[in-house]
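Below you'll find the structure, written out as structure tokens, and then a few comments.
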Amino acid sequence: MDQGWAVVLGAVIALTGSSLVPWVREAASAKGARDRDRADRVRAAVIDLLGANAAQAAALAADEDASFVAAVAERGRAAAALLIELPADDRAGLAPAIQAGSASGSADARYKLAALQHVLTAWTAGDLRSADAESACRAEIARLKSSRP
């Protein structure tokens with residue numbers, strides 16, 4: 001290799017190091033920030049759904065129809081917000097669990113609400129895969145019903 005090509009090769013290496021590497025690092029950093037933002041939105045949506053679920057259970061226990069109707073509406077909004085934020089794989093696993101834990105017009109509503117609280121908390125903590133959420137919710141409903149006072 002003669003000196004001319006060595007200079008050209010050195011310039012290409014310097015350009016790559018000074019331009020391309022920072023651009024790649026910035027792109028990776030931006031993706032990490034987007035992922036953290038989404039995780040924060042999912043966490044907030046789970047908290048909202050857990051709160052709406054608890055409000056629905058409290059209204060049911062107090063036998064307050066107006067409060068129950070309002071809580072059902074809030075739960076629907078919270079569930080929709082969570083499902084919108086979830087990646088497709090998690091959405092496919094959690095949507096049936098959220099439906100299984102729905103208490104509207106159900107004789108075993110309190111068990112369904114309690115089971116969904118358990119499942120969402122376990123999923124958020126990383127103790128349960130979203131693909132297993134529906135079966136875990138149904139199993140928890142059955143367990144709660146069999147241990148009723």
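Laboratory data are not the source of any read-out in this text; all were calculated from the coordinates shown. These numbers come from a predicted model, not from an experiment. So basically every Cβ, Gly included, is an ideal-geometry build from the backbone, and we count neighbours across all protein chains shown.
Tabulated data
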| read-out | value |
| --- | --- |
| Karplus-derived 3J(HN,Hα), 6.51/-1.76/1.60, for each residue of segment 85-97, Hz, glycine and proline x | 7, 6, x, 3, 5, 5, 4, 5, x, 7, 4, x, 5 |
| Cα centroid separation - segment 124-149 against segment 1-79, whole Å | 27 Å |
| Furthest towards positive pole of dipole, I141, A66, P22, structure part the chain, Cβ charges | I141 |
| The chain, relative contact order in percent, only Cα pairs under 8 angstrom and at least six apart counted | 20 percent |
| Residue-by-residue Karplus 3J(HN,Hα) for segment 128-142, coefficients 6.51, -1.76, 1.60, Hz, glycine and proline x | 9, 6, 4, 5, 9, 5, 5, 5, 5, 5, 5, 5, 5, 4, 4 |
| Footprinting exposure proxy for K145, K31, K112 (fewest neighbouring C-beta atoms within 10 Å first) | K31, K145, K112 |
| Which of T121, T16 has the fewest Cβ neighbours within 10 Å, and the rest in rising order | T16, T121 |
| Which of L116, L9, L94 has the fewest Cβ neighbours within 10 Å, and the rest in rising order | L9, L94, L116 |
| In order through segment 119-126: 3J(HN,Hα) via Karplus (6.51 cos²θ - 1.76 cosθ + 1.60), integer Hz, x for Gly, Pro | 5, 4, 5, 5, 5, 4, 6, x |
